[in-house]
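**Student:** Structure below; questions to follow.
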Amino acid sequence: MTSGGNMVKSNLGMTYIRPCVTEAGKISAETHLGSARDGSESSSDFLDSSKLCWLLNLSQIFSGVKCSQNLGIAKIEFNGKTVVVSKGGRINVRTAENKEDALETTWLVSKAIWPAMICARCGKAILECISGWCGKCRPKDCPLLVSGPPKPTQMLDTRRDIKTVNEILQELDASGSSAFKQAKQDLGDILQILGSAVTMLSSGNSSQNEVTVRQKLEEATCLAQRLIVEGHKQIDMSAGLILLGISTNLEMLSQIVGSLAKVVLSHPDHLLLERTWNVVISGYKALWRFDPAEPRRLEKSYAAVSRILSRTRGKGGNIDFLRSLKAMAKVCLCLSRIASMSLAV
Ligand SMILES: [Zn+2]
């Protein structure tokens, strides 16, 4: 347990514990997960408000979730306790049984909102970093990815071992975790459904099973969040975050395929569509294979497709069609970035 002296010095961790005013025998505790970078809370949020609200609902273990995206403040109930979370990174637990109970609850909430925490390096939520959308964080040292969710008792000691995404996914695959297995299955199914939709488009038909894709995405993200919230080991939480990052990309992909349906029928270049789709598939497969050379190779195929797309555009190709294909190819780039990231284990 961290000593009180350390906490005061850094202004991080649990800053106070006191008896509850409203209920005798119970305690209230406040924890600061992050300190404002320049001392003022308003200029540097610790949490992305929209993701905060999304994650608290997605967790499915909190009741009475009330969350204001505009104010960046959430109030939730958990096992008889009321917890208030603010976008500055403050967690207040009320009516806890004792200090341990307050610490455990704070830790649970910290895990749940980990993906919404803002990366000090790129200013985006780390869910975006692990989705490969940030571009600024180097693969091995995105600060919050390599430290894991902040623990109220270990705020000053966040150094951990790290492993690559490939290693983490393989380890979870071998562990037999049913939540992981089901989420992986869902993601694979989504890709297959989108793949058949692309094939249909190529042959001049339009059909995407949007409802099934949406349901599978929902299930996959719930399971991923469950791994984070209910995970006892850091590797489980990291695997959950990776799955959330992959889901984010597949959601993007499903939107792109949906928008393609509107333009592809009038456009004859189905070969280009198939070629771009194959790049996406190779990006997805690379996630599940351990091969350090793969990200480099994928970047090359992304660059090759991008060049063809630009050239076709120069020759007067359909702009909406090419824009969608470019966005599709970008998903491959993001997936390959995910494959080369490292997270705490
Ligand atoms: Zn980042």
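Bear in mind these aren't lab numbers, they're just calculated from the coordinates by the rules spelled out. Only a predicted model underlies this, so the values are computations on that prediction, with no experimental measurement involved. Neighbour counts run over all protein chains shown; Cβ positions are idealised from the backbone, glycine included.
**Student:** Cα-based Rg (one decimal) and Dmax (whole number) for the chain, in Å?
**Tutor:** Over the chain's Cα set, Rg and Dmax evaluate to 22.1, 76 Å.
**Student:** If neighbour count is taken as other Cβ atoms inside 10 Å, put Arg311, Arg297 in order from fewest to most.
**Tutor:** Arranged by neighbour count, lowest to highest, Arg311, Arg297 become Arg311, Arg297.
**Student:** What size of dipole, in debye to the nearest 20, comes out for the chain about its Cα centre when the only charges are +1 on Lys and Arg C-beta atoms and -1 on Asp and Glu C-beta atoms?
**Tutor:** For the chain, the charge dipole is close to 1060 debye.
**Student:** Further, regarding this structure: Please count, across the stretch 165-344, the pairs of lysine residues with Cα atoms under 14 Å apart that sit 8 or more places apart or on different chains.
**Tutor:** Close lysine pairs found across the stretch 165-344: 4.
**Student:** At a Förster radius of 30 Å, what calculated FRET efficiency corresponds to the Cβ-Cβ distance of Glu218 and Cys20, to the nearest 0.05?
**Tutor:** Efficiency, from the Cβ-Cβ distance: 0.20.
**Student:** If you don't mind, there's one more thing I want to ask. Give the value in nm², to one decimal: projected area of the alpha carbon convex hull of the stretch 158-239, averaged over all directions.
**Tutor:** So the mean shadow area of the Cα hull is 6.6 nm².
**Student:** For the stretch 99-194, run through the trypsin sites (Lys or Arg not before Pro) and keep only the ones in DSSP coil with at most 10 other Cβ atoms within 10 Å of their Cβ.
**Tutor:** Arg159
**Student:** Return the distance in nm (one decimal) between the two label points of a simple spin-label model at Glu100 and Ala303, each offset 7 Å from Cα along Cα→Cβ.
**Tutor:** 5.7
**Student:** Based only on Cα atoms, what mean projected area does the convex hull of the stretch 244-324 have, in nm²?
**Tutor:** Result: a mean projected hull area of 5.6 nm².
**Student:** Let me ask another. What is the fewest-to-most order of Leu273, Leu169, Leu52 by other Cβ atoms lying within 10 Å of their Cβ?
**Tutor:** With the sparsest Cβ surroundings first, the list reads Leu273, Leu169, Leu52.
**Student:** Suppose R0 equals 45 Å; then what is the FRET efficiency for Ile61 and Arg296 from their Cβ-Cβ distance, rounded to the nearest 0.05?
**Tutor:** Once the sixth-power term is evaluated, E becomes 0.65.
**Student:** Taking the Cα centre of the stretch 139-201 as the origin, how large is its charge dipole in debye, to the nearest 20, when only Lys and Arg (+1) and Asp and Glu (-1) carry charge on their Cβ atoms?
**Tutor:** 160
**Student:** Enter the mean projected area of the convex hull around the alpha-carbon atoms of the stretch 4-129, in nm², rounded to one decimal.
**Tutor:** Seen from a random direction, the Cα hull of the stretch 4-129 projects 7.9 nm² on average.
**Student:** Can you compute log10 of I(q)/I(0) for the stretch 165-344 with the Debye formula, treating each Cα as one identical point scatterer, at q = 0.20 Å⁻¹?
**Tutor:** Debye curve over Cα of the stretch 165-344, log10 I(q)/I(0) at q = 0.20 Å⁻¹: -1.28.
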